[in-house]
Amino acid sequence: MKLSKTSLSSAAVLVFLGLGGCASIPAPSVPEAQFAELSCSALRAEISQAEETRRIAEEARRNSWQVILPILVVVRYRHADNAADAAGERAELLGRTLQQKQCGEPQRAVS
């Protein structure tokens, strides 16, 4: 499948917008190597943050198909659009060639 620059640009924009949801998953603030140095209250706060991060990440995972589907639709639409244009141009070129060879009018497909 040959993709145009427009198709690739559209897909890239959708990926960028879709991946914006990933940016909302909080990153841990304290490295694991420092856990032993944390107070009990700080450990509880880190546990709460880790549980919240897990909840957010699981929600993002459940909704990840919503990012891919629009990309597939755009890519497939662009591919079909390009194929339709190419087929139209080919038919016109074939028609001109047919006329140049004086073969008569091209037969039209009945829909």
* Hydrodynamic radius of the range 41-88 per Kirkwood, over alpha carbon pairs, in Å -> 13.9
* Label-point separation, Ile25 to Glu51 (7 Å along Cα→Cβ), nm -> 2.0
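Any read-out appearing in this document is the output of simple, stated calculations on the displayed coordinates, not a laboratory observation. Note that the coordinates shown come from a computational prediction; the quantities given were computed from them, not determined experimentally. Note: ideal-geometry Cβ built from the backbone for every residue, glycine included; neighbour counts use all protein chains shown.
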